[in-house]
Every structure is written in structure tokens, then in C-alpha cells.
Amino acid sequence: ASTLGASAAERGRYFGVAIAGSRLSDSTYATIANREFNMVSAENEMKLDATEPNQNQFSFGAGDQIVNWARNNGKQVRGHTLAWHSQQPGWMQRMEGSSLRSAMLNHVTRVATYYKGKIHSWDVVNEAFADGSSGARRDSNLQRTGNDWIEAAFRAARAADPAAKLCYNDYNTDNWSHAKTQAVYRMVQDFKSRGVPIDCVGFQAHFNSGNPVPSNYHTTLQNFASLGVDVQITELDIEGSGSSQAEQYRGIVQACLAVTRCNGITVWGVRDTDSWRASGTPLLFNGSGQKKAAYDAVLAAL
Ligand code: XIL
């Protein structure tokens, strides 16, 4: 097939993109997004600060714009994200203890209920593990409510939207030998053994020269899948250019296709100029909307 989404579909996968609602009025952007992709994530519009700016006052207009654009154009939606230490509204940042736990669970329930039936997969919890060699949970106001906050969030999400796949999503979990990867693996293993409802693990996959695509990437994806969960590449971008960048993108696609339970790949933006990264050219289209070598490599690998 001649587009990323259609080619991925032939392989039983999706190919997604993060959309910023404010950019949908840019016709070059919207044309590429609509043509190439069959899964959509909201880059910011479904996060906690966007959806619950004041406690118990929910705001779904910005998220709805993206969900409606996706559905009107025949695309599915990944929900991003229900519980996270970052991009919390101010009221939540100032909360702690049992009141924060209740507020977090209320948020999960209300947002997942609102979007019930419209979400392919939810990033229920995002970025809950620390970087470095500790293998520990990340310190945050949510973590300080008790180590069981993650499973509590998953149970609330399952109750609210039983049909959505429920994912744990994180970054720097690509290299199988890293402590953070191992720690997330043990959590998923524990959840599966105790019947905590988890269906998938999202690998953000933000790569750069200091954090390249690891040679054991396929091993990582396969080992998680072997726990009985789907794996998804959820926020892919790779700094660089030319054939070196293209080869890294190709490697990611090949690693996913080699794992039966790797459902799909999402890139974190359309053009290089749409990227959240301050510098660099990490995406598949250049600032003019032209296909890069990385695009050709991905399409050929699918
Ligand atoms: C980023 C967005 O792309 C930016 O627009 C925003 O300013 C900050 O968040 N990991 C995640 C994403 O899970 O939500 C982040 O998105 C990128 C890192």
C-alpha cells in the first residue's frame, strides 16, 4: 500500500500520529495526517490539566476536537493519559495523601467514562518509574499516596471502559538490560499474576544520539509480549537525519513486525516543525511536508 496506515493495516497493525488540535487548521498538516495515519493520539488535549482544569469540573472540548476529527476520518484513538505526575492541573499538584488518591481515581473514572467506547487503548498510567539504575518508582505526589496507586488506577479504568485496552506507558524502557526496563517488566509480571487488569505496555521510544535505538529492542518487545500483554510503540521520534535516521526507523518497524503482539506504532508529530523537541529533525516529514528518507524506510519495511 502507499500510505503508512494502509501498509500497517495489511500487516494487522496500525500506524498512528500525535495530533495537536491547534494545528488541524493548517491544511498541509491535516492533509498529511489524514492521508498517512489510521490511529491518533492527542498530544496534550486529553491530559489531566486539559480535562480537569478545576477539581470536578471537566473540560472535554479540546479532546473532543481531536477524537471527532479522528472518527470523522475513519481513524481510531489512543487515549493519553489518565494518571501522570506531569501536566497536572495546579489544584492536583497541591494535593497529597488520601484526598489526592480519591481525586486521581475520580479523574480516571470520569474521563474514561466520558470517552467510553471511543478509545482503542488508554495510557492509564504514564512514566511512573525512575530513571537511572535504581529500578524504583518515580517519586511523585501520586506515588506518595501508596505503591498500589498504579493498580488502583487500572482497576478504575477497567470498570469505566471495559472494552478499551489498558496500557502502562513509559520512556527509556527500550533497552532490555536497563534497570528501568526490568522494573516495569516485574510490575507487569506481578499485575498479570495477581489479575490486575493490564492489557498492554506502551514504549514511548524517544531516541537521540545519547539514547539510540538499542540492538536488543526486539528482545525487549518480545519479552514483554510473552507476559501476555500487547506492546505498542507510542511516541516514536528519532533525532538525526538522512540514512542513519532512516535505518533506525527501519529497525523499529522490523522489531515491531517481528513480535506478534506488537499492535502498532505511533509517531509523536507529523512534520519536524511540529515536534515537541526543541531542536533536531526527528519525524518522518520535513517542515514543508515532504517525505524524508525515514518515511521511505518505514513504508518499505511495513
Ligand atoms: C509532550 C508534548 O509533545 C508537548 O507539546 C508538551 O509541551 C509536553 O508533553 N512523554 C509523553 C508526552 O508522554 O505526553 C509528552 O508530550 C512527551 C514525553
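Just wondering, is there one or more residues in the stretch 131-139 that are assigned to a loop (DSSP other than H, G, I, E, B), surrounded by 19 or more Cβ atoms within 10 Å (Cβ to Cβ) and of a type outside the set (Phe, Trp, Tyr)? No; the residues of the stretch 131-139 include none that is assigned to a loop (DSSP other than H, G, I, E, B), surrounded by 19 or more Cβ atoms within 10 Å (Cβ to Cβ) and of a type outside the set (Phe, Trp, Tyr). When residue 148 is tested against (1) more than 23 Å from residue 78 (Cβ to Cβ); (2) under 19 Å from the mean Cα position of the chain (by Cα); (3) open to solvent by 50 Å² or more (accessible area, probe 1.4 Å), exactly one condition is not met: (2). For the criterion of being within 16 Å of the ligand (Cβ to nearest atom), in contact with a helix residue (DSSP H, G or I) (Cβ under 6 Å, 6 or more places away or on another chain) and modelled with pLDDT of 95 or more, residue 87 passes. Is it true that residue 260 is free of Cβ contacts under 8 Å to residues at least 40 places away in the same chain, within 16 Å of the ligand (Cβ to nearest atom) and open to solvent by 40 Å² or more (accessible area, probe 1.4 Å)? Criteria not met by residue 260. Considering 157, 163, which residue is among the small types (Gly, Ala, Ser) and in contact (Cβ under 8 Å) with a residue 60 or more places away in the chain? Step by step, each of 157, 163 is checked, and only 157 is among the small types (Gly, Ala, Ser) and in contact (Cβ under 8 Å) with a residue 60 or more places away in the chain. Residues of the stretch 56-76 that are of a type in the set (A, V, I, L, M) and away from the ligand (no atom under 15 Å from the Cβ): 67, 70. If you go through the stretch 263-273 and keep only what is in contact with a helix residue (DSSP H, G or I) (Cβ under 8 Å, 6 or more places away or on another chain) and crowded, with 24+ Cβ neighbours inside 10 Å, you end up with 264, 265, 270.
Return yes or no: is residue 78 under 18 Å from residue 154 (Cα atoms), out of contact with any Pro (no Cβ under 7 Å at 6 or more places or on another chain) and at pLDDT 95 or above? In short, yes.
Per the conditions (1) in a loop (DSSP other than H, G, I, E, B); (2) closer than 18 Å to residue 19 by Cα; (3) open to solvent by 30 Å² or more (accessible area, probe 1.4 Å); (4) at pLDDT 95 or above, the sole criterion not satisfied by residue 278 is (4).
The values are calculated or read from the model by the stated rules, or taken from the named source; none is laboratory data. All of these numbers come straight from a predicted model, not from anything done at the bench. Cβ coordinates were reconstructed from backbone atoms using ideal geometry, including for glycine residues, and neighbour counts include every protein chain displayed. Each accessible area value is taken on the protein alone, full model and side chains, heavy atoms only, with ligands, DNA and RNA left out. Shrake-Rupley method; radii C 1.70, N 1.55, O 1.52, S 1.80 Å.
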